[in-house]
Structures are given as structure tokens and as C-alpha cells.
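Read the structure below first, then the notes.
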Amino acid sequence: MRDNYPAGAQEAGQFGKQGTKAQKLVYCGIFTSLIAVGAFLKIPVPVVPFTLQFLFTMLGGLLLGGRLGAVSVGVYVFLGLAGLPVFSEGGGIWYILKPSFGYIIGFGVAAYVTGKMAERMKKRTVAGYLAANFTGLAIVYGMGMVYYYIICNFVIHTPIGVWPLFLYCFLLAVPGDICLCVLAAFLAKRLRPVIWK
């Protein structure tokens, strides 16, 4: 079923011409806050904890579009690097030396790509949102694992092999995020028409 949107609703990442700049600013702030809260809603998994950050970054892209979704993540990253304890283990510029920081970078890129895919959809379907989310998932894990490997092996000198990297940074972590992809797709289908009336 196709959602009904005003004419020109897909232009430049805008999902409704009725959305004012103030409204979009508020939505960006809300998603920045949700991403920060999501960092502390976590299940302890070895090496890379499972959090709800991925859910909120994907929803940011699906509901706000690529540009605003990426802005939401970007503000979150800026606040964390500036010293606010919004990351799962605190904050500060030193966080870029944490092997898991690559996943946070991946959140921003994934939100942008996922949002752009959502903008170009002619039919707003759960399957379409799910495909966008899985693309975002691949980006997050691809960037996260590469960053993890480089930081461990060439920066902080705590070597990790390819198999342990694949096991701890993908196999143990990805099942939960796959569930979040499905949840985000259903939530986006229900929430997007409400947000952009």
C-alpha cells in the first residue's frame, strides 16, 4: 500500500512540505537524544556491547531522510567527542582510539544511505524499509570491523586476528541488530505518515 504524501514530498529529503525548519530541528534533536539514550540500553556482549543505538539511527534515516538522519547522528558524535558522556563508555576526543568507534562512524553513514533509499521509494513498504535497513547494517558492520582491526593492530598494539574479529565483532553481535532492522521497518511504516502529515 502506498502512503499518501503531499506533492513534492520526496524533494531534498523532505517528507512533507508542511514540515517547517523548526519542526525538522526538533525531530533532529529528538533522534540525537534517542541515540544517546540507546547507548545505555545495552546487553553486555563480549568486545562490542549490543545497544539500541542502531535502531534509532536507522529510524532517523527512515523517518527524517538521509540528510537530517545523518545530521542527528553527527550532532550525537560531536557531543560525545566534545566530552559529554553520551557514548556507551563515556565521552571525549580519546574515544576515537577505541576500536569500537568505527561502528559509531558507521551509524552516520548508514543513516544517510538508509534515508536516501527511503526517499527514493515509490511505494512505502515494510520490505523496502527492510532492504534499506539491511544496507545500513552492512555499512555499520563493514566500517566497524575495518576500524576495529586497524586500531587494534596498528594503533594501540593489541593484535586481533581475522577470525576472532569476525566472531566477536559480527557473529555474536549481528543477530540482535537483524531483529532491530525488522523492528525499525515496521515502526517506520507506522510512524512516517504520522510525523509528516
Check: Just checking, how many residues over region 160-187 are outside any helix (DSSP H, G or I) and within 17 Å of the chain's Cα centre (by Cα)?
Finding: 1
Notebook entry, point to check: If we scan region 117-125, do we find a residue that is assigned to a strand (DSSP E or B), free of Cβ contacts under 8 Å to residues at least 24 places away in the same chain and not acidic (Asp, Glu)?
Noted result: no
Margin query: Being under 18 Å from Gln53 (Cβ atoms), of a type in the set (A, V, I, L, M, F, W, C) and modelled with pLDDT under 95 is the filter here; which residues of region 142-177 pass it?
Written below: Cys169, Phe170, Leu172, Ala173, Val174
Check: Just to be sure, is Ala82 at pLDDT below 90, of a type in the set (Gly, Ala, Ser) and surrounded by fewer than 19 Cβ atoms within 10 Å (Cβ to Cβ)?
Finding: no
Margin query: What are the pairs with Cβ atoms under 7 angstrom where one residue, in region 137-159, is part of a loop (DSSP other than H, G, I, E, B) and the other, located anywhere, is among the hydrophobic types (A, V, I, L, M, F, W, C)? Sequence gap at least six, or different chains.
Written below: Ile156/Leu97; Thr158/Cys152; Pro159/Cys152
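Here is a yes/no grid of residues against (1) of a type in the set (A, V, I, L, M, F, W, C); (2) within 23 Å of Gln23 (Cα to Cα); (3) more than 11 Å from the chain's Cα centre (by Cα); (4) part of a helix (DSSP H, G or I):
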{"position": "Thr57", "(1), (2), (3), (4)": "no, yes, no, yes"}
{"position": "Val75", "(1), (2), (3), (4)": "yes, yes, yes, yes"}
{"position": "Phe78", "(1), (2), (3), (4)": "yes, yes, yes, yes"}
{"position": "Leu84", "(1), (2), (3), (4)": "yes, no, yes, no"}
{"position": "Ile96", "(1), (2), (3), (4)": "yes, no, yes, yes"}
{"position": "Pro99", "(1), (2), (3), (4)": "no, no, yes, no"}
Next item on the list: Considering each residue of region 1-47, count those that are surrounded by fewer than 17 Cβ atoms within 10 Å (Cβ to Cβ), at pLDDT 50 or above and not basic (Lys, Arg), and give that number.
Entry: 16
Check: Has region 96-113 got at least one residue that is in contact with a Leu (Cβ under 8 Å, 6 or more places away or on another chain), buried (at least 18 other Cβ atoms within 10 Å of the Cβ), more than 23 Å from Tyr149 (Cα to Cα) and without any contact (Cβ under 8 Å) to a residue 60 or more places away in the chain?
Finding: no
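The values are calculated or read from the model by the stated rules, or taken from the named source; none is laboratory data. From a predicted model like this one, the values you see are computed outputs, not experimental measurements. Glycine also receives a Cβ, built like all others from the backbone with ideal geometry; neighbour counts cover every protein chain displayed.
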